[in-house]
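Encoded as structure tokens, the structure appears first; notes follow it.
The values are calculated or read from the model by the stated rules, or taken from the named source; none is laboratory data. What you are looking at is a predicted structure, and each value in this text was computed from that prediction instead of being measured. Neighbour counts are summed over all protein chains in view; Cβ atoms, including those assigned to glycine, are modelled from backbone coordinates with ideal geometry.
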Amino acid sequence: MQLHAWLAALSTCVAAGSLRETISQHESLHLLDGILDELKLYSTFADFENTTLFAMTDTAIHFLADWGINLTNIDTEIAESILKYHLVDGIYSSTDLSKSGQSQIAHSILAPPHFTNVSTGAAVKLGGGHADDPVFVESGLQKVLQVVDADVHYDGGVIHTIDSNLVLPHNLSETTNVGGLHNFWNLVEKSGANVKLESLQDATFLIPHNEAVKLQSNLDKFSQSQLADVVAYHAVPNRVLYSRNISEDSRTYKTLHGLDITVERSPHGHILVNQVRVVREEVLVYGGVAHIIDGVLMPSDMKSSGVHKTTSSKGAQLQSDKDVNAEDKPKSWWLLDLLAWPSIADIVFYIGLLALFCGTIMLRLLHWQDAGREPYRKLFKNDGDASGIPPRTSHKDCEPDSVT
């Protein structure tokens, strides 16, 4: 059985053609074939060995065009950068990913100075590979795509087809806005440190989620320079700290502020920064990587100001996601804001309040209706029956008086 599997794998490798041949023969990659040929990217891609291509299907390219990004008409440099981001260094087959059991960071051939500030190449995050868990790839703005057709081999590596495009990692401003982390970015803008942070290369950013910033209420009293110190304490320059680089051994890293932070992994596998828990790992950004944390970090010279670790439903929910290995199959956790439900007690309270309100309105309406009938009751009280309704007039009563 093992010999048969080995021979099958060997025959696949022998039969694999060039990248151009493989793409041109694939039924869903006709548009990509023409674009790579027109932009002369086949020769560029051929310079890289042992690579994985996330190939946009015709559906994906049509989707991009519908959004105004026609790869045949836009600026050549932009089109090339988008396509280079889809080719990553290293062969990542579904078998390789399933064996690892964890998500992996892979670097594309898109390098500075255009559209990325990561010297090793703009990154993607890979995972899955099991029968019930297809290969997925995460790109900028936390966009996650499942692979449609996996493990299409060619002589330089492997192709996975996708029905949408990968999104280039964006700057911090756009990433925090789309990711529901605007409270921290508001602090950055108030501090005047936004330009400095956006310009960092190969950096790690520690971003408190919205609830964590809200709980640190004394930040409203800080001066601009104090806020700048706090913001700078959330950035580690010249060091891209992916999850794979963090072990249980405690290590210190110098922040942009100048003071150190301590990073370690708990026995349960959670990443801690100064004992503040990371609730969402590896958000890919233009200048490196960001981790979402459950509290605001304070420099030691501002310890009197304190640091709050959130115990809010948001923090608990994010931590719960982490406990079930959300980092192994990342989701856009900011959607939880849109999908959050109140507790059972809240639902019962609001239903009772609504019933009381409706009952009060009905009583008022009945009172007004009853009051409106009163004049008619008085009018007919002598001639009507007990209900106050006047007696029915007979046809005889309606006849005209006879002429005498």
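The figures follow:
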read-out	value
Members of region 186-222 that are without any contact (Cβ under 8 Å) to a residue 12 or more places away in the chain and of a type in the set (D, E, K, R)	E189, D220, K221
Any hit, region 226-249, residues being over 19 Å from W185 (Cβ atoms) and among the small types (G, A, S)	yes
Hey, Q201 surrounded by fewer than 17 Cβ atoms within 10 Å (Cβ to Cβ), over 30 Å from I61 (Cα atoms) and in contact with a Lys or Arg (Cβ under 9 Å, 6 or more places away or on another chain) or not	no
Identity of the residue in region 200-253, among the basic types (K, R) and farther than 19 Å from D301 by Cβ, that ends up farthest from the chain's Cα centre (by Cα)	R251
Filter result (among the small types (G, A, S), free of Cβ contacts under 8 Å to residues at least 12 places away in the same chain and either outside the structural domain of G17 (by TED's automatic domain parsing) or within 24 Å of F136 (Cα to Cα) (or both)) within region 37-88	A65
Residue that is at pLDDT below 95 and surrounded by fewer than 22 Cβ atoms within 10 Å (Cβ to Cβ), where the choices are G180, G192	G180
Candidate set: region 38-85, residues that are among the acidic types (D, E), out of contact with any strand residue (DSSP E or B) (no Cβ under 9 Å at 6 or more places or on another chain) and in a loop (DSSP other than H, G, I, E, B); chosen: the one nearest to S18 (Cα to Cα)	D47
First in region 126-148 and among the hydroxyl-bearing types (S, T, Y), second anywhere and outside any strand (DSSP E or B), Cβ under 8 Å, 6 or more apart	S139/Y85; S139/L166; S139/V167; S139/L168; S139/P169
Test: residue in region 155-175 that is in contact with a Cys (Cβ under 9 Å, 6 or more places away or on another chain), in contact (Cβ under 8 Å) with a residue 24 or more places away in the chain and not aliphatic (A, V, I, L, M)	yes
Some residue of region 18-32 being in contact with a Gly (Cβ under 7 Å, 6 or more places away or on another chain), within 16 Å of I159 (Cα to Cα) and at pLDDT 95 or above	yes
Flag if H26 is assigned to a loop (DSSP other than H, G, I, E, B) and more than 17 Å from K125 (Cα to Cα)	yes
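The rows are residues; the columns are (1) in a helix (DSSP H, G or I); (2) modelled with pLDDT under 95; (3) outside the structural domain of P208 (by TED's automatic domain parsing).
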{"site": "L141", "(1), (2), (3)": "yes, no, yes"}
{"site": "A150", "(1), (2), (3)": "no, no, yes"}
{"site": "H153", "(1), (2), (3)": "no, no, yes"}
{"site": "L168", "(1), (2), (3)": "no, no, yes"}
{"site": "N186", "(1), (2), (3)": "yes, no, no"}
